[in-house]
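Reviewing the structure listed below.
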Amino acid sequence: MSFTDADKEWLTTQLVTAGAGLELRVGARLEQIEQRIGRLEQVERRFDAKLEHLETKRRTEFREGPSPADLRKRTHTLVLRALDLEMEALSDRLNKLEPPH
């Protein structure tokens, strides 16, 4: 079986039309994908900016906070105050048991 010139022309037209339709669909799909990639890049830029802001804020707050030496000093001061209060309470109890001469 051999094709006539009319058959060959019709087949060529069908293939070109189908190829053009496929090309249009692929082109549209690529455009959708490019738009999504663009939106993802925008989200990534916003995320990076927020993350940088958060890290800067955290570092600033850490530097503005008390130093480790100040924290230890404050802890030791509180412990000494608690010991003083306990010693005072024990001294009061002892004085009640043994009045001064």
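The values are calculated or read from the model by the stated rules, or taken from the named source; none is laboratory data. Predicted model, so just to flag it, every value in this text is computed and none were measured. Note: ideal-geometry Cβ built from the backbone for every residue, glycine included; neighbour counts use all protein chains shown.
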| request: Could you tell me which of the residues THR56, THR4 is surrounded by 10 or more Cβ atoms within 10 Å (Cβ to Cβ), out of contact with any helix residue (DSSP H, G or I) (no Cβ under 8 Å at 6 or more places or on another chain) and polar (S, T, N, Q)? | output: THR56
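Matching residues to (1) at pLDDT below 85; (2) among the small types (Gly, Ala, Ser); (3) not in a helix (DSSP H, G or I):
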{"residue": "LEU11", "(1), (2), (3)": "yes, no, no"}
{"residue": "GLY19", "(1), (2), (3)": "yes, yes, no"}
{"residue": "GLU34", "(1), (2), (3)": "no, no, no"}
{"residue": "LYS73", "(1), (2), (3)": "no, no, no"}
{"residue": "LEU80", "(1), (2), (3)": "no, no, no"}
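What is the residue count in the stretch 17-55 for residues that are among the hydrophobic types (A, V, I, L, M, F, W, C) and over 35 Å from the mean Cα position of the chain (by Cα)? Working first, answer last.
Kept after step one, since they are among the hydrophobic types (A, V, I, L, M, F, W, C), are these residues of the stretch 17-55: 18, 20, 22, 24, 26, 28, 30, 33, 37, 40, 43, 47, 49, 51, 54.
Those still in the list that are over 35 Å from the mean Cα position of the chain (by Cα) too: 18, 20, 22, 24, 26.
So the count comes out to 5.
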